[in-house]
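Participant: Before anything else, here's the structure in question.
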Amino acid sequence: MVHETIAATNAVVTLDVALPGIVWGWIITMNMWAKSIGTGIIFLGFYLLKKHPEQTGFIRFPVVAISIVFIHIFLFFTVIDLHQMFRFWHIFFYPHLTSAITIGAWMATGFVGLLLAMAYSIYMKKDEAMYDKLLGWTVLLAIPVTLYTAGLMAQSTARELWQMPTESAQMILAALLAGSATMILLGGNKFSDAVKKDLAIVLGLSAAAAFILYMAEIIFGPMKAEEVAAVLHYIKGGEYTVMFWIGQVMAFLVPMALVCLSLKNQSYYLLKIAAVSALIGLWVSKHVWLVIPQLLPMS
Amino acid sequence: MQLGFLVDLRLCMGCKGCEIACKVENEVPLSTWRLRVKYVDVGTFPETKRTFTPLRCNHCANAPCERICPVSALHYLENGIVNIDKERCIGCAGCVLACPYGAIYIDPQTQTADKCTYCAHRVASSMMPSCVVACPVEANIFGDLDDPMSNISKYIQSHQGNVQVRKPEKGTFPHHYYVGGGNVTLNPLASFRGEGHNLFNNLKHLPIGGH
């Protein structure tokens, strides 16, 4: 790391502790990625059931099943990342309500409860009206469940790169991207052209918006804070540059291009490739953004 | 009462007596530190000098670690110390990510967060923190910031204009002050940090079983 003051002072750290390294690594990336799918599929399921109720009724059970699976993957990776995972219950018995972790844990628990009730209503009782009623509440809870990780990153005062307004937008966009991609893969050829078009538009627009936000951060972030400038060196010619761009291309640029081509050519096959690319790229993008602020020395 | 700390960097000679005293008093495991002294060399030969900066928890009035802790393992004592309850900590490392001063680490033995507590157990018995006792030049000054007659308050008053905290822009309001500090000593981005200048190497595990 080189800073402008070095030229003047030639200051060099000659003895200190080792840098702590990456504390939140790929396990937390898995956490965020799985949560994006788990809540995103609920958003998209709600949208399709409202807009195209006749053509999408069959998605009710798959949507809730996929959400349950991915929310539990999210919870699993949340718990195994704890250094004292068998004390997880402390969050419920000694809750500290200023912490986004606590709020997130409580909301995720409520979200899982609603998902299980939805699964019960559609699988056991075959009651679509009850399912749809529960879905409305589940969507409402899915919003803060999606956003709480942004709150957690914002509470990480040390990491200047993670700013709340941007991260919350990125979390919602990630959920829409992952939700639409998963829905495209889930639907097979059962969806009508109108549904496919809607999913393609959501995928393409969320990819475009997320890409614009990342680029805006890269260009304008360094103008706001010295720490952001230092962190962004890791993806501007630093050790995470290649990984960052692989993520951006796969998560956003390829899906945007393929969505345009698929809409033009009426090709659902291209849309599926876009969906797979978006899901893989999202993991990579999230991982790089998670890791790079942790490389900076704090003291 | 609001306990605070002040280090006069003009007096510190980098003997690391405070580090050792802290290690012994608090049984801090190898490779981890509640307090350490960072060396930064400044200038170009022959015009060079070495600076010494003791770094520890700042016991902020608006502590990000306390706010982010999901189980209140990090909590305020009545005397202003940000204390940690290692029995309650779940090891989520949120505090490690939140602390702008890199003052919190995961204890490799207990797998919980740990940091300087201003020797809260000694303070409770009306004793000075161990690092204060160990310092041969009395560069560490500890006391009640709310008492205008305390040594630390008088020191701050008599050095107006030369008292700094680390990263004031973070809005954490540290209760840890430095006299005679500067950009190089207090800003981690103001110096080049190469590999190979660590206090310990990376040899932590004994290969067993022929591996």
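Participant: Which count do you get for residues in segment B:63-84 that are surrounded by fewer than 24 Cβ atoms within 10 Å (Cβ to Cβ), at the interface with chain A (Cβ under 9 Å from one of its Cβ atoms) and in contact with a Phe, Trp or Tyr (Cβ under 9 Å, 6 or more places away or on another chain)?
Facilitator: Qualifying residue count for the region: 2.
Participant: Kindly indicate which of B:S31, B:S72 is among the polar types (S, T, N, Q), free of Cβ contacts under 8 Å to residues at least 40 places away in the same chain and out of contact with any strand residue (DSSP E or B) (no Cβ under 7 Å at 6 or more places or on another chain). Reasoning before the result, please.
Facilitator: Values: B:S31 fails: free of Cβ contacts under 8 Å to residues at least 40 places away in the same chain.
One residue alone meets the criteria, B:S72.
Participant: Sticking with this one: So which of A:L176, A:L186, A:L213 ends up being assigned to a helix (DSSP H, G or I) and buried (at least 23 other Cβ atoms within 10 Å of the Cβ)? Let's see the steps before the verdict.
Facilitator: Values: A:L186 fails: buried (at least 23 other Cβ atoms within 10 Å of the Cβ); A:L213 fails: buried (at least 23 other Cβ atoms within 10 Å of the Cβ).
From the options A:L176, A:L186, A:L213, the qualifying one is A:L176.
Participant: How about segment B:50-146: which helices (runs of 4 or more DSSP H) wholly inside it have at least 2 residues that are under 24 Å from B:K38 (Cα atoms)? Before you say what the answer is, go through the steps one by one.
Facilitator: On the way: elements: B:64-68, B:94-98, B:120-123, B:130-134.
So the answer is B:64-68, B:94-98, B:130-134.
Conditions tested, residue by residue: (1) outside any helix (DSSP H, G or I); (2) under 24 Å from A:W33 (Cα atoms); (3) at the interface with chain B (Cβ under 9 Å from one of its Cβ atoms).
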site	(1), (2), (3)
A:L75	no, yes, no
A:L82	yes, yes, yes
A:L97	yes, no, no
A:I101	no, yes, yes
A:W106	no, yes, no
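Participant: State yes or no: is A:I22 touching a residue at least 12 places away in the same chain (Cβ under 8 Å), more than 8 Å from chain B (Cβ to nearest Cβ) and surrounded by fewer than 16 Cβ atoms within 10 Å (Cβ to Cβ)?
Facilitator: Numbers: touching a residue at least 12 places away in the same chain (Cβ under 8 Å): yes; more than 8 Å from chain B (Cβ to nearest Cβ): yes; surrounded by fewer than 16 Cβ atoms within 10 Å (Cβ to Cβ): yes.
It is true that A:I22 is touching a residue at least 12 places away in the same chain (Cβ under 8 Å), more than 8 Å from chain B (Cβ to nearest Cβ) and surrounded by fewer than 16 Cβ atoms within 10 Å (Cβ to Cβ).
Participant: Being among the aromatic types (F, W, Y) and over 22 Å from A:V23 (Cα atoms) is the filter here; which residues of segment A:257-290 pass it?
Facilitator: Looking only at segment A:257-290, we keep the residues that are among the aromatic types (F, W, Y), and these are A:268-269, A:283, A:289.
Result: A:Y268, A:Y269.
Participant: For A:K264, state whether it is closer than 29 Å to A:I71 by Cβ, part of a helix (DSSP H, G or I) and out of contact with any Ser or Thr (no Cβ under 7 Å at 6 or more places or on another chain).
Facilitator: Details: closer than 29 Å to A:I71 by Cβ: no; part of a helix (DSSP H, G or I): yes; out of contact with any Ser or Thr (no Cβ under 7 Å at 6 or more places or on another chain): yes.
Spelling it out, it is not the case that A:K264 is closer than 29 Å to A:I71 by Cβ, part of a helix (DSSP H, G or I) and out of contact with any Ser or Thr (no Cβ under 7 Å at 6 or more places or on another chain).
Participant: Same structure, new question: Could you grab me the full set of residues in segment B:109-139 that are hydrophobic (A, V, I, L, M, F, W, C), more than 14 Å from B:C18 (Cα to Cα) and within 14 Å of chain A (Cβ to nearest Cβ)?
Facilitator: Here is the first cut: in segment B:109-139, the residues hydrophobic (A, V, I, L, M, F, W, C) are B:113, B:116, B:119-120, B:123-124, B:127-128, B:131-135, B:137, B:139.
Next, from what is left, pick out any that are more than 14 Å from B:C18 (Cα to Cα): B:113, B:120, B:123-124, B:127.
Listed by number, the list holds a single entry, B:A113.
Participant: I'm checking my understanding of the structure. Among residues of segment A:134-164 that are in contact with a Leu (Cβ under 8 Å, 6 or more places away or on another chain) and away from chain B (no Cβ under 14 Å), which one is nearest to A:M223 (Cα to Cα)?
Facilitator: Filtering segment A:134-164 for residues in contact with a Leu (Cβ under 8 Å, 6 or more places away or on another chain) gives A:134-135, A:137-138, A:141, A:156, A:158-159, A:161.
Add one more test, that the residue is away from chain B (no Cβ under 14 Å), and what stays is A:134-135, A:137-138, A:141.
Details: A:L134: 46, A:L135: 43, A:W137: 41, A:T138: 40, A:L141: 36 Å.
Restricting to residues being in contact with a Leu (Cβ under 8 Å, 6 or more places away or on another chain) and away from chain B (no Cβ under 14 Å), the top hit is A:L141.
Participant: Still on this structure, I have one more. For segment A:276-299, what are the residues that are in contact with a helix residue (DSSP H, G or I) (Cβ under 7 Å, 6 or more places away or on another chain), farther than 13 Å from A:M30 by Cα and within 14 Å of chain B (Cβ to nearest Cβ)?
Facilitator: Selection gives A:I292, A:P293, A:L295, A:L296, A:P297, A:M298, A:S299.
Participant: Quick one: in segment B:187-203, of everything that is part of a loop (DSSP other than H, G, I, E, B) and small (G, A, S), which residue is modelled with the highest pLDDT?
Facilitator: Keep residues of segment B:187-203 that are part of a loop (DSSP other than H, G, I, E, B), which gives B:187, B:191, B:193-197, B:199-203.
In the following step, the residues that additionally are small (G, A, S) were identified as B:191, B:194, B:196.
Working: B:S191: 90, B:G194: 79, B:G196: 68.
This residue is B:S191.
Participant: Would you point out which residue out of B:V7, B:V28, B:V37 is buried (at least 20 other Cβ atoms within 10 Å of the Cβ) and either of a type in the set (G, A, S) or part of a loop (DSSP other than H, G, I, E, B) (or both)? Quick ask: steps written out before the conclusion?
Facilitator: On the way: B:V7 fails: either of a type in the set (G, A, S) or part of a loop (DSSP other than H, G, I, E, B) (or both); B:V37 fails: either of a type in the set (G, A, S) or part of a loop (DSSP other than H, G, I, E, B) (or both).
One residue alone meets the criteria, B:V28.
Participant: Identify the single condition in (1) at pLDDT 95 or above; (2) over 30 Å from A:V12 (Cα atoms); (3) crowded, with 16+ Cβ neighbours inside 10 Å; (4) touching a helix residue (DSSP H, G or I) at 6+ places or on another chain (Cβ under 7 Å) that A:L205 does not satisfy, given that it satisfies every other one.
Facilitator: Single failed check for A:L205: (4).
Each row is one residue, and each column tells you yes or no for (1) at pLDDT below 95; (2) touching a helix residue (DSSP H, G or I) at 6+ places or on another chain (Cβ under 8 Å); (3) surrounded by fewer than 15 Cβ atoms within 10 Å (Cβ to Cβ).
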site: A:I80; (1), (2), (3): no, yes, yes
site: A:R87; (1), (2), (3): no, no, no
site: A:F93; (1), (2), (3): no, no, yes
site: A:Y131; (1), (2), (3): no, yes, no
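The values are calculated or read from the model by the stated rules, or taken from the named source; none is laboratory data. In this text the structure is predicted, and so the values were computed from the model without any measurement. We place every Cβ from the backbone using ideal geometry, glycine too, and count neighbours over all the protein chains shown.
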